[in-house]
Amino acid sequence: MTTARTRLLYILISFTIGYLSMGASAVAAQGDCKTILDAESKLDNTPAHVYATTKINGETVGSETIYAAGSIYGKLNGKWMVVDSIKDMVELRQENLKKNTDKLTCRYLKDELVNGEMAAVYTSHDETPKGKVDMDVWISKAKGLPLRMETDVDKVHMSTRYEYGNVKPPL
């Protein structure tokens with residue numbers, strides 16, 4: 001059971017990083033999609049603590065990720081470890097921007113408060129080689145950073161929240 005749970009957590013961390021690394025075509029990166037992609041890019045240079053809850057096959061699993069000091073850290077079995085570098089993630093996102101087809105669509109939904117901060121809510125739909133990705137993202141109107149995300153990929157649902165205050169590398 002511990003091995004299966006450990007493997008599941010590795011998958012969740014990979015999914016989180018992989019999702020954030022997914023790109024869109026240059027044409028789709030205009031308008032509302034550009035706003036979402038700009039928020040993801042801004043996250044590359046902003047220390048953040050990311051909390052995610054993922055439902056897979058009826059099981060709910062929590063995970064934490066920290067973006068700080070040029071690295072991405074993931075918490076696994078109570079221990080923090082370096083998962084990837086932000087530079088590598090940025091390069092992967094740029095490669096995906098060049099390769100992907102024009103299947104990403106995005107649109108603004110409404111404004112809404114998230115923990116007392118006004119956010120613009122966007123929805124997006126993408127068709128990738130790994131499957132269809134539907135996402136709602138709340139982007140801070142003041143800072144342009146993601147505050148919250150709800151993501152569905154096939155039979156997996158992930159709820160994510162972002163915190164930006166007093167974030168430091170965990171190691």
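Just a few scattered comments:
- Residue check, K98 part of a strand (DSSP E or B), out of contact with any Ser or Thr (no Cβ under 8 Å at 6 or more places or on another chain) and at pLDDT below 90: no
- Residue within the range 55-68 that is touching a residue at least 40 places away in the same chain (Cβ under 8 Å), over 16 Å from C33 (Cα atoms), surrounded by 13 or more Cβ atoms within 10 Å (Cβ to Cβ) and of a type in the set (S, T, N, Q) present: yes
- Within the range 101-112, the set of residues being touching a strand residue (DSSP E or B) at 6+ places or on another chain (Cβ under 7 Å), more than 14 Å from L37 (Cα to Cα) and either among the aliphatic types (A, V, I, L, M) or at pLDDT below 95 (or both) comprises K103, L109.
- Counted residues, the range 133-171 - those being in a loop (DSSP other than H, G, I, E, B), among the hydrophobic types (A, V, I, L, M, F, W, C) and within 16 Å of L113 (Cβ to Cβ): 2
- Listed by position, the strands (runs of 3 or more DSSP E) enclosed by the range 26-86 that each have at least 1 residues that are in contact with a Gly (Cβ under 6 Å, 6 or more places away or on another chain), at pLDDT below 95 and of a type in the set (A, V, I, L, M) are 79-85.
- Scoring M89 on the criteria (1) assigned to a helix (DSSP H, G or I); (2) over 14 Å from the mean Cα position of the chain (by Cα); (3) in contact (Cβ under 8 Å) with a residue 40 or more places away in the chain leaves a single failure, condition (2).
- A count restricted to the range 141-159 and to residues that are crowded, with 17+ Cβ neighbours inside 10 Å and either free of Cβ contacts under 8 Å to residues at least 60 places away in the same chain or within 19 Å of D32 (Cβ to Cβ) (or both) stands at 6.
The values are calculated or read from the model by the stated rules, or taken from the named source; none is laboratory data. No experiment lies behind these values; they were computed from the predicted model shown. Don't worry about glycine lacking a Cβ; one is built from the backbone with ideal geometry, like all the others, and counts go over all protein chains shown.
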